[in-house]
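Just below is one structure, and these are the notes that go with it.
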Number of protein chains: 2
Amino acid sequence: MKKISAPKGMRDFYPDEYRVKQVLFRAWEEAARKFGFELYEAPVVETLELLERKAGEEISSQIYVLDKKGGQQLALRPELTPSLARMIIARQGELSFPLKWASIAQCFRYERMQKGRKREHYQLNLDIVGESSCMAEVEVLGAAVHAMHALGLNHTDFHIRIGSRSLLSVLFDSLGIAADHFTACCLALDKRDKISDVDVHKLLINENVSTGDIKKIFELLNIRSLEDVHRMLAGIEQAGPILDEITDFFELASDAGLRDYFSFDPGVIRGLGYYTGIVFEAFDRNHQSRAIFGGGRYDNLLSSLGGHNLPCVGLGFGDVVVTDLLKELGRCPGIQRFVDYAVGFMDIQCRPFASRVASRIRRSGLDCDLGLSGEKPKRFFSRGNRLNARKAVFIGPTEVETGLIQVKNMVDGRVRSLRLDESTDFKSVEVPG
Amino acid sequence: MKKISAPKGMRDFYPDEYRVKQVLFRAWEEAARKFGFELYEAPVVETLELLERKAGEEISSQIYVLDKKGGQQLALRPELTPSLARMIIARQGELSFPLKWASIAQCFRYERMQKGRKREHYQLNLDIVGESSCMAEVEVLGAAVHAMHALGLNHTDFHIRIGSRSLLSVLFDSLGIAADHFTACCLALDKRDKISDVDVHKLLINENVSTGDIKKIFELLNIRSLEDVHRMLAGIEQAGPILDEITDFFELASDAGLRDYFSFDPGVIRGLGYYTGIVFEAFDRNHQSRAIFGGGRYDNLLSSLGGHNLPCVGLGFGDVVVTDLLKELGRCPGIQRFVDYAVGFMDIQCRPFASRVASRIRRSGLDCDLGLSGEKPKRFFSRGNRLNARKAVFIGPTEVETGLIQVKNMVDGRVRSLRLDESTDFKSVEVPG
C-alpha cells in the first residue's frame, strides 16, 4: 500500500513535543495577562484580498491560496495583523481605545525551509491600538521580556535592538532622497544581514541614491549612541520630535526596569514596509539565529484598510526560534509526563472494583490513568513508572475480597491500606512512612 | 474605500467570546488529563490524498483544497482522525500501546450554514488505540462526561445513546442482505433524523432490501432494551459475542458511575462508514440540536491506511453545539474580564513612578494594567471598574512628592498607604478596613 505522506514543512506535535509547546504557550499567555492584554482569535483563513492589501507583493507568492468556493477567494494567513485590523475596523465604533490585545496564531508561508523557518509557525501577537506615546512600545516589549523570563531567559541570553523608521525617513529627507524611494531603500538596507555592504551599496545606487548620500546613510546606521545621532542630525529641524521620542522611549524603558535589554541601533529596519516609527528586534546574544521577536509602530494601517486612523504598536514572537535557542542553551523544558494516580487490575474479575477506585480518584479532583486490560503487578508497576505516576493502586483478588486497597507512593515505595467508600477523598490520602 | 469582508462561516473570537471558548477548552483539557489522555497536535492542513482515503466521497466535495504548491496537494482537514492515523502509523514501532491521546483541533467543511453548524469548528478528539475491550469505550465516554460536568451539565441535561454497528451487521447478515449493501443501508438509516421513515423505506428498497426485511430492521431499531435484543437475535449464533460485548459495556459503565447517562438504542448509526462496533451519540434531553459529541469503535482504519492493525475507539466533541446548549440553558459562562491591579497616572511627570509601581506589581506575580497616558482620577477609577480591577493605584503629584502610594480595594473602597521599595511584595499587600 502506498505510504501516507505528511504535509511538507508542517509540524506534528507528538505528546513529548506538545508538552514543550505548551510550556511556551503558557509563558506567552501569562505574560499577556500580566500586562493587561486581552486574548482574542481570528480565523486561520482570510480573504486573499485582505492579506494582499496589507502584505504587498513582497510575500504574495508565499501565500497558500485555497480553491475558490462560494465566491470568496480564501487563503491561509501568513501573519495575523490583517485579521486584527479587520476585526478592529468592524467594531471601531464599539471598542474602547487604547486596547491591548494578544493572540497566539498559527501562520503559514510557502518558502524554502531552513533553520528556524518552517512553512508554518505559531506566533504570539501583542498589539496596542490607540496610543501614540511610546508607553505602547514599552508595554509590548515589557510583556515579551516577561515571557522570556518565564522561559528562564534573561539579558545575558538575549538583547533587543531599537531603531526608528521615522529617524531614517528624516535622514533620507534631509539628503534629498524622494519619499517614494524610501521603502525600496529600507528594503535594501534590511538585507544587510544577508548580503554584503557592497551589494547593499549597489541596490541603493539602483534607487538613484548618490555615493555621498550612501556614505551618510551607512554612517548613521553604524551609530550606537543617541548622543551621536543628536550630533549628526543637529541641523535638521524635523528630527527634533523624533529624537525626543526615542529619548523618551529609553527613559521609560529604564523606569520599567528594561534598560539592560535594549541597545540603540538605527540599522533595525524590519522588512515590512508598513512600520512608521520605533522598530525593534530581539536576538540571542551570539546572534546565531533569526530574530526571536520583533515589531514596531505602524500608525497608518487601519486607515489604509478603510478604518479610522488610530496609532498602533505590534510585536510578533514566533515559537520556532525561541525553542531552538532553549535547546541550544540546554534549557529546553524536556517536560516529563506525570499523572497523580495509576490504577491497574489483575483480570476481568477485578475490573469493576478497579473502575470504581479510578472513578473515586477522579471525583476527588485528581488525574488517574486506569489500565484498560488485566495485567501482572510487575507489568503494572513498571508501566506506572513510565507514566511517572505519583501513586499507584493495583487491584488483585485479595483487594476484591477484602475491600481494602493499597495506595503505593511511587516515589519512596511506601504503602498505605485504605477502605474505599463513597466519601473517600484521595486528595487527603497521605502515604505515611 | 472597499469594505473588507470577513471569510464566510468562520468565526472571530473577540475577547468576550474568547473567554467563553477558553472555559470550554480548559474543561476539555482537564477531562483529558484526568482520564490519563496525552495531548498532541497535527497540522491543520494534510494531503488531500490522505483526507480522501479516510473520508470517502461522502465529504470530499466539502473539503477546502489548497492550490498545489511544490508537488503536494494540501487541504484543510475536515476531521482529525486521518492525521491521528498518519501520526500513529509513522511511529507504530516506537509507541507503546494502548495509547490514549487527546487533541483540540479546528476542522473545516464547506457546507450550507445552519444552526449548530458553521464552516469551521473546534473539536476535542479523544482516541484510544490498541485496546479491544469495551474499557476503551467507557474511558473515552467517561472523559467526555467529565468535561460536561466541568461545564455544569449533568444527566438531567443530556443523555448518550449507545448503538452497535456490529449488531446491525449481524442482523443484516441474518436477513441475507449482502455485506456490500451494508454501508449504503446504514447511510439510509442514519438519515432517520432528517427524513421520514417512508423515505428511508424507499432508500432501502433501492438497495434491494425486501419489504419483510425492512420491517425487521425497523423492529430492531425501535428496541430500547438489551433483553428484547437478546430475544430478537436468539437464533443467530454470531450475535452471541456482540451481545456479550454490549452487555459488558453497560455493566462497566455502571461500575464507572455512568449508567444514568446511557440508553441503548440500536438505531445509532453515525454516518461515517468506518465504524465497526459500539457507536454512541450524546444529545441534550430535549433533542433540540445536533449531537453534542459522538464516536465509536473503528478497528480497521490503521490497516486500511497501510499501518498494522490495531483496534481503535474515538470520540469527537465539537465546540458549537455545547456552547449553544449552554446559552439556551442560560448557563453559558459570561466570563467577566478581571485584573489584579490597575495603575494610572495624572500626567507625564507622574509616569516614571507609575511605571515603577506597575513593574513592582508584575514582579510580585500579579497582573497589572498600566494606563498608557495621563488621565484624571475619576476617569482612571471608572476605567478600573470596567476592567474589573481588584485593586487600583493612581499616581498624582502628591504620590510622586511623598513616595507614598494609595492602594485602593475596588470591591469595598478601602485604601491603604504604602511606601514602595525594591522589596515590596504586592501579593502580601492586604487592604485593611
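The single condition from (1) within 14 Å of chain B (Cβ to nearest Cβ); (2) under 30 Å from B:F35 (Cα atoms) that A:P311 fails is (2). Once the range A:228-255 is narrowed to residues that are out of contact with any Pro (no Cβ under 9 Å at 6 or more places or on another chain) and under 22 Å from A:A147 (Cα atoms), the residue that is surrounded by the fewest Cβ atoms within 10 Å (Cβ to Cβ) is A:F250.
Which is basic (K, R) and touching a strand residue (DSSP E or B) at 6+ places or on another chain (Cβ under 7 Å), of A:R77, A:R33? Criteria check complete, one pass: A:R77.
Entry remark, the range A:22-39: residues being more than 9 Å from every other protein chain (Cβ to nearest Cβ) and in a strand (DSSP E or B) number 0 in total.
What residue, of B:V431, B:V393, B:V407, is modelled with pLDDT under 90, out of contact with any His (no Cβ under 7 Å at 6 or more places or on another chain) and surrounded by 15 or more Cβ atoms within 10 Å (Cβ to Cβ)? Write out each step before concluding.
On the way: B:V393 fails: modelled with pLDDT under 90; B:V407 fails: modelled with pLDDT under 90.
The match here is B:V431.
Of the residues making up the range A:348-368, those that are surrounded by fewer than 22 Cβ atoms within 10 Å (Cβ to Cβ) and touching a Phe, Trp or Tyr at 6+ places or on another chain (Cβ under 6 Å) are A:S364, A:L366. The set of residues from the range A:325-347 being at pLDDT below 95 and surrounded by fewer than 18 Cβ atoms within 10 Å (Cβ to Cβ) comprises A:K327, A:E328, A:L329, A:G330, A:R331, A:P333, A:G334, A:I335, A:Q336, A:R337, A:F338. Sub-7 Å Cβ pairs linking a first residue in the range A:229-249 that is under 24 Å from A:V138 (Cβ atoms) to a second residue that is polar (S, T, N, Q) and part of a helix (DSSP H, G or I), at least 6 apart or interchain, are A:I242/A:S166, ordered by first then second residue. Remark: pairs (first residue in the range B:253-270, touching a residue at least 60 places away in the same chain (Cβ under 8 Å) and more than 30 Å from B:C185 (Cα to Cα); second residue of a type in the set (S, T, N, Q) and assigned to a helix (DSSP H, G or I); Cβ separation under 7 Å; 6+ apart in sequence or on different chains) = B:A256/A:S355; B:A256/A:S359. Taking first residues from the range A:354-383 that are within 8 Å of chain B (Cβ to nearest Cβ) and without any contact (Cβ under 8 Å) to a residue 60 or more places away in the chain and partners that are crowded, with 24+ Cβ neighbours inside 10 Å and of a type in the set (D, E), the Cβ contacts under 8 Å between residues at least 6 apart in sequence or on separate chains come to A:L370/B:E139; A:L372/B:E139. Candidates are the residues of the range A:137-161 that are closer than 29 Å to A:E219 by Cα and surrounded by fewer than 24 Cβ atoms within 10 Å (Cβ to Cβ); the one that is nearest to the other protein chains (Cβ to nearest Cβ) is A:H155.
Residues that are within 32 Å of the chain's Cα centre (by Cα), more than 14 Å from every other protein chain (Cβ to nearest Cβ) and either hydrophobic (A, V, I, L, M, F, W, C) or assigned to a loop (DSSP other than H, G, I, E, B) (or both) within the range A:219-249 comprise A:L220, A:L221, A:I223, A:R224, A:S225, A:L226, A:I242, A:L243, A:I246, listed in sequence order.
Determine which single condition B:D180 fails, assuming it passes every other condition in (1) touching an Asp or Glu at 6+ places or on another chain (Cβ under 8 Å); (2) modelled with pLDDT under 85; (3) of a type in the set (D, E). For B:D180, the failing item is (1). Scanning the range B:384-433 for residues that are within 14 Å of another protein chain (Cβ to nearest Cβ), of a type in the set (G, A, S) and part of a helix (DSSP H, G or I) yields a count of 1.
The strands (runs of 3 or more DSSP E) found entirely in the range B:250-354 that carry 1 or more residues being over 28 Å from B:E49 (Cα atoms) are B:262-264, B:278-284, B:339-345.
Just the residues that are among the acidic types (D, E) and free of Cβ contacts under 8 Å to residues at least 24 places away in the same chain, please, taken from the range A:84-125.
As a first pass, look at the range A:84-125 and keep what is among the acidic types (D, E): A:94, A:111, A:120.
Answer for the range A:84-125, where residues must be among the acidic types (D, E) and free of Cβ contacts under 8 Å to residues at least 24 places away in the same chain: just A:E94.
Conditions (1) out of contact with any His (no Cβ under 8 Å at 6 or more places or on another chain); (2) within 27 Å of A:E111 (Cβ to Cβ); (3) not small (G, A, S), marked per residue:
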{"residue": "B:L50", "(1), (2), (3)": "yes, yes, yes"}
{"residue": "B:R77", "(1), (2), (3)": "yes, yes, yes"}
{"residue": "B:C107", "(1), (2), (3)": "no, yes, yes"}
{"residue": "B:K118", "(1), (2), (3)": "yes, no, yes"}
{"residue": "B:N125", "(1), (2), (3)": "yes, no, yes"}
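Selection of the range A:10-21 for residues being farther than 25 Å from B:H308 by Cβ and out of contact with any strand residue (DSSP E or B) (no Cβ under 7 Å at 6 or more places or on another chain) yields A:R19, A:V20. Going through (1) in contact (Cβ under 8 Å) with a residue 60 or more places away in the chain; (2) farther than 24 Å from A:P15 by Cα one by one, B:I63 falls short only on (1).
Annotation note: Cβ proximity below 7 Å between a residue of the range A:402-414 that is closer than 9 Å to A:K391 by Cβ and in contact (Cβ under 8 Å) with a residue 60 or more places away in the chain and a residue that is outside any strand (DSSP E or B) and among the aliphatic types (A, V, I, L, M) (sequence gap 6+ or interchain) occurs for no pair. Residue-level analysis places B:I205 outside the set of residues that are touching a Ser or Thr at 6+ places or on another chain (Cβ under 6 Å) and either β-branched (V, I, T) or over 30 Å from A:C350 (Cα atoms) (or both). Taking the numbered list (1) over 43 Å from the mean Cα position of the chain (by Cα); (2) surrounded by 13 or more Cβ atoms within 10 Å (Cβ to Cβ) in turn, A:E401 passes all entries but (2). Give me a count of the residues in the range A:181-200 that are surrounded by fewer than 17 Cβ atoms within 10 Å (Cβ to Cβ) and either touching a Ser or Thr at 6+ places or on another chain (Cβ under 9 Å) or in a loop (DSSP other than H, G, I, E, B) (or both). Result for the range A:181-200: 3.
Would you confirm whether any residue within the range B:18-29 is closer than 21 Å to A:P43 by Cα, free of Cβ contacts under 8 Å to residues at least 24 places away in the same chain and among the hydroxyl-bearing types (S, T, Y)? Among the residues of the range B:18-29, at least one is closer than 21 Å to A:P43 by Cα, free of Cβ contacts under 8 Å to residues at least 24 places away in the same chain and among the hydroxyl-bearing types (S, T, Y), which makes the answer yes. Just one of the numbered conditions (1) under 18 Å from B:K100 (Cα atoms); (2) surrounded by 22 or more Cβ atoms within 10 Å (Cβ to Cβ); (3) out of contact with any helix residue (DSSP H, G or I) (no Cβ under 6 Å at 6 or more places or on another chain) is not true of B:A42: (3). Considered as a group, the residues in the range B:1-21 that are in a helix (DSSP H, G or I) and within 7 Å of chain A (Cβ to nearest Cβ) include one that is farthest from the chain's Cα centre (by Cα), and that residue is B:P15.
The values are calculated or read from the model by the stated rules, or taken from the named source; none is laboratory data. Quantities reported herein were computed from a predicted structural model and do not represent experimental measurements. Glycine gets a Cβ as well: all are built from the backbone with ideal geometry, and neighbour counts include every protein chain shown.
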